Amino acid sequence: MSALDFTAMMREEKKIAKAKLKNASRAGVEGEIEGGQISSEGAVEEGIEKKKITDTDTGKIEGNETIVNSIPPIALPTAPPLSPPSPAPAGLDYYADFIDEETEMAIASYARSHQNWNTLKHAKRRVLEIPKGDVDWGGCDGSYIETLCNVLISMGVFPSKLPPNHLLINEYTGCQGILPHTDGPMYNSTTATLSLESSTIFYFKKRLRSDEIGVVNDEVIGGKVLLKPRSLVVFAGDWYEKYLHGIDEEQEEECGLDVLGAEEGESVVRGHRISLTLRHKY
Ligand SMILES: O=C(O)CCC(=O)C(=O)O
Ligand SMILES: [Fe+2]
């Protein structure tokens, strides 16, 4: 797979992008969480110039012309992903350093710029749901999200006929996690999650059939991935349908050999983490 189509286009705009991203980075650092609200300094100036891109290399972008703002420097990965070895099912892929630090700060700033975060009754983390909608990805420089979606389509993660049209942003502080769950049938069975700012360990557990409950050990972990800042994890197929996924409530964890993307013995200390999950909602 070639990175040429995207990177050549991105390089031309790199200088302008750097200036804009510097502003975004500054705003992101200043974006304080105060009184349960996230301040809105994080808004990044909207990328106005639009360019048409084609992907003759992969042929994955089809039909109507695909337009992306030329500012966000998100490129196709040049290295293959890490995946659990066979006999684990295919469909779980991990890309370390999927975006660079400037883009990370700009996307975190985009997330912080939204006012309508929700707290949950049953969990401490905060969530923000953004359907693609009429104003793409809620405005506030949603062009980063649009570019990310186009890259994911070019990678073949999402088919162009079922593109990502739903963004869920989770914000975790301290040891917060997420109980084992499945994302369910409301979405096509592919999930792509970008992690920002802090690391966490994401695990998969076999989903039990009703006749297995109480009979089969439901604690057996089917896979673990170290989600580092700026990484992308994609899971689909059996990983979506036959496994639950979750994040334990731990302040500090040590990685064993079984954690994809980690060195053995690597220690993971939780900090403030933002994750952006893209899916196709039916
Ligand atoms: O934060 C993450 O990495 C996972 C989030 C998740 O699984 C969800 O919101 O359904
Ligand atoms: Fe999930």
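Per residue, the accessible area of segment 136-247 comes to 36 Å², computed with a 1.4 Å probe over protein heavy atoms only.
Please say if segment 143-187 is rounded, prolate or oblate, where rounded means a/c under 1.5 for a ≥ b ≥ c the square roots of the C-alpha gyration tensor eigenvalues, and otherwise the choice is prolate for a/b larger than b/c and oblate otherwise?
Working: a/c = 2.86, a/b = 1.63, b/c = 1.75.
Verdict is oblate for segment 143-187.
Note on segment 153-282: lysine pairs with Cα distance below 28 Å, sequence gap of 8 or more or different chains, count 15. Just to be sure I understand the model, the point goes 7 Å from the Cα along the line to the Cβ. What's the resulting TYR282 to VAL215 distance in nm? So the two model labels end up 2.8 nm from each other.
The values are calculated or read from the model by the stated rules, or taken from the named source; none is laboratory data. What you see is a predicted model, and the numbers here were worked out from it, not measured in a lab. Methodologically, a virtual Cβ is constructed for each residue, glycine included, from the backbone with ideal geometry; neighbour enumeration extends over all protein chains shown. Calculation scope for accessible area: heavy atoms of the full protein, side chains included, ligands and nucleic acids excluded. Shrake-Rupley method; radii C 1.70, N 1.55, O 1.52, S 1.80 Å.
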